[in-house]
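> Okay, here's the structure, questions in a sec.
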Amino acid sequence: MRQEILSRLVAAGAGGLSGQELATWLGLSRTAVWKHIAALREEGYRIEAEPGSGYRLVNGDDLLIPANLERQRLPRRFGAQYHYHPSLDSTNLAARRLAMANAPEGTVVAADQQLAGRGRLGRHWVSAAGLGLWFSVIVRPSVPPHQLALVTLLTAVAAAEGIEEVAGTIVGIKWPNDLVIGGRKTAGILTEAGTELDRVDYIVIGIGINILHRPEDFPPELRATATSLAQAGGNVPTRPALLAAILRWLDHDYQGWLGGDLTWLERWRCRSVTLGRTVTVKESGSQYRALAIDVDSDGALIVQTGDGGRRRVVAGEVSLGGYRGDSA
């Protein structure tokens, strides 16, 4: 019922709807409508009430409710099953629960706020209400586990191109999972898989994008390395428009990958802010400096060490000079 109220308020726009109009459409008493409005306000929705004009939803077109996503141009597969929550522990955790309950490929989970958002290597991800886009997608590719890293790289390309499509901002990619604008992190990707022996059962792809953050919205230790679309300039899209754009690109590149097309990997290389630079690698308890020279067909980073040898970095932490890939 509350989702129906939100949908009608979104459709009404700035004109709003009276309590009597809502009561008539929904078959409720005006008192029941008022109670639902009060509950929605407690969930964080900004609903104004003015004598003579009724209830008006503030910034309604930016909400990630199903009615707003349905107005976007969505691909056939991704987003057909859509779960929205005002607040969640983590969209990845919620998506994993759905995946283990046999949710279909392409299922999307989005939240206005994450209370336990996570980044790579167990880091916390700042996921305040109304400031960013936090969502996860379930995929079920028939690939061996050693190709899981490719999904992170593919998603990074799709997210970068979705952001550029609607925001007009040039986006770079830091291996393996960070999107950067002007040298600062604005988005991150966390992929988690359910595997059985030598096959993948499901992969949950989590994406977090900073959209409206001001410097003071980040913890002090991240203000020099994190940014948002608003800080970076360009257009600031609504979250439903941004989500739909990313899902379209993800659908295109994912279907191509399943069909053997790896042209998106060259687009990843063109966007990379890692390749051609000296990096610090931390893995297996050791740390060393090396030159990042390429990624291979499994998504591993290829680096050249000081003695001229080459190494594959699969799950290590890679940092660039002047950049730290902590969560934001």
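The values are calculated or read from the model by the stated rules, or taken from the named source; none is laboratory data. Source: prediction; values computed, not measured. Here the Cβ is made from the backbone with ideal geometry for all residues, glycine too, and neighbour counts use every protein chain on show. The area values use the complete protein model at the heavy-atom level, side chains included, leaving out ligands, DNA and RNA. Shrake-Rupley method; radii C 1.70, N 1.55, O 1.52, S 1.80 Å.
> If you place +1 on the Cβ of every Lys and Arg and -1 on the Cβ of every Asp and Glu, how big does the dipole about the Cα centre of the stretch 233-275 come out, in debye to the nearest 20? Spell out each step's value before the answer.
On the way: 5 positive and 4 negative charges, 40 e Å.
For this selection, approximately 200 debye.
> What distance in nm separates the two pseudo spin-label positions at ARG199 and ARG73, each 7 Å out from Cα along the beta-carbon direction?
Reported label-point gap for ARG199 and ARG73 is 3.7 nm.
> Roughly how big is the stretch 213-328's charge dipole about its Cα centre, with Cβ charges of +1 (Lys, Arg) and -1 (Asp, Glu), in debye to the nearest 20?
Using only the charged Cβ atoms, the result is roughly 260 debye.
> Between GLU283 and ARG2, what is the spin-label point distance in nm, taking each point 7 Å from the Cα along the Cα→C-beta axis?
Reported label-point gap for GLU283 and ARG2 is 4.6 nm.
> Which one, LEU291, LEU197, LEU28, projects farthest toward the positive side of the charge dipole computed for the chain from Cβ point charges (K/R +1, D/E -1)?
Most positive-ward Cα: LEU291.
> Can you give me the Cα centroid spacing of the stretch 159-193 and the stretch 207-255 in angstrom?
8 Å
> Once neighbouring chains are kept in place and the probe is 1.4 Å, which whole percent of the accessible area of the chain is contributed by carbon and sulfur? It would help to have the intermediate numbers written out before the result.
Details: 7030 of 14230 Å².
Taking all protein chains in place, the chain shows 49 percent carbon and sulfur surface.
> Still on this model: Mind grabbing the accessible area of ASP261 for me, 1.4 Å probe, Å², rounded to tens?
60 Å²
> Under the 0.36 nm per residue contour assumption, what length would be gained going from the current alpha-carbon distance of SER29 and ARG41 to full extension?
Taking 0.36 nm per residue and subtracting the Cα distance, the gain is 2.5 nm.
> For labels at LEU291 and ARG310 in the simple 7 Å Cα→Cβ model, what's the distance in nm?
With each label placed 7 Å out from Cα toward Cβ, I get 1.3 nm.
> I'd like the accessible area for THR24, computed on protein heavy atoms only with a 1.4 Å probe and all protein chains in place. Round to 10 Å², please.
Around 100 Å² of this residue is reachable by solvent.
> Evaluate the relative contact order of the chain (contact order divided by residue number), counting alpha-carbon pairs under 8 angstrom at least 6 apart; express in whole percent.
Relative contact order of the chain: 15 percent.
> Full-extension gain between GLU21 and ILE302, please, as 0.36 nm times their residue separation minus the C-alpha to C-alpha distance.
Stretched out fully, the GLU21 to ILE302 stretch lengthens by 94.9 nm.
> Also, I was wondering about something else. Working out 0.36 nm times the residue gap between LEU212 and ALA129, then minus their Cα-Cα distance, what length gain in nm do you get to one decimal?
Working: separation 83, 0.36 × 83 = 29.88 nm, distance 1.04 nm.
Extra length from LEU212 to ALA129 when fully extended: 28.8 nm.
> Computed over the Cα atoms of the chain, what is the ratio Rg over Rh, Rh following Kirkwood?
With Rh from the inverse mean 1/r over Cα pairs, Rg/Rh is 1.02.
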